[in-house]
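Heads up, the thing below is written out as structure tokens.
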Amino acid sequence: MATRNSSKGAKGAKGAKGRPREFDEGWALDAAMRVFWEKGYEGASLSDLTKAMRINRSSMYAAFGDKEQMYRLAFARYADTALAYLGDALQLTTLRAVVETILRGTVEFLAQPGNPRGCLSIQGALVTGNEAEGLKQWMIEFRKRGHLRMAKRFQQAQRDGELSRNINPADFARYLATLVQGLGIQGASGATKPEMHRMVDLALHFMGTALGPTAPKKPSPRLASQNGGTP
């Protein structure tokens, strides 16, 4: 979810020639993030970016580097804002609460009015040419880190007796990631919020008692404040 918070020191920061920059870097980076979110890395032209950011190319390069570096900065901002609900969910006390909050939070995020369709973490640099291979691998590493965080949480759930000993925590993390990514594709393809929630209902049903007691369906206060109500 894009925010319009300014970076500290954005206004008045020195440009390449020593003159203060006359734009809000935080706002400009949010604008770039939305362009990448809507068009993907390769689909976003420099003209698209500078127009959305309301700056010229020299200012863009001075503030953010080349297009690849700007994508990395924009995606880091996306991860810290739009995807923050995933980290919040992993802090919940029961396995079922973790899983259900991740899945329903994903639906809420994907259905948020005003957001581009789909998820930047899936669509942004999934398919790229040879010249962007480094960025593609960087995104793969990002997803791997997310998988490891979930696997670690599910290992703890298994130690606590919440996850069956017959289930590999790493496999369960990969399964949950597959569901989240699938919701992202469904959202990009036009699935409605009720339709996606019914998909979550089915997923939770087939997970059965492995998730323990039923968790409340209300999102956390932080999730509600971020998304008006969350890949």
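The values are calculated or read from the model by the stated rules, or taken from the named source; none is laboratory data. The structure presented is a predicted model; accordingly, all values stated were derived computationally and were not measured. All Cβ positions, even for glycine, are placed from backbone atoms using ideal geometry, and neighbour counts span all protein chains on display.
The residues listed here are Thr101, Thr81, Thr50; of these, the one that is touching a Leu at 6+ places or on another chain (Cβ under 8 Å) and either modelled with pLDDT of 90 or more or of a type outside the set (Gly, Ala, Ser) (or both) is Thr101.
Taking region 187-196 as the range and being surrounded by fewer than 18 Cβ atoms within 10 Å (Cβ to Cβ) and in a helix (DSSP H, G or I) as the test, the residues that pass are Ala188, Lys193, Pro194, Glu195.
There is at least one residue in region 138-151 that is over 30 Å from Lys67 (Cβ atoms) and at pLDDT 85 or above.
With respect to the conditions (1) farther than 19 Å from Trp37 by Cβ; (2) within 17 Å of the chain's Cα centre (by Cα); (3) among the charged types (D, E, K, R), Arg117 falls short on a single one, namely (1). A single entry from Lys8, Lys67 fulfils the requirement of being at pLDDT below 90 and more than 23 Å from Thr106 (Cβ to Cβ): Lys8. Looking across region 21-49, just one residue is in contact with a Pro (Cβ under 6 Å, 6 or more places away or on another chain) and acidic (Asp, Glu), and that is Glu38. One residue stands out in region 171-210 among those that are closer than 13 Å to Arg117 by Cα and among the β-branched types (Val, Ile, Thr): the one that is modelled with the highest pLDDT, namely Thr192.
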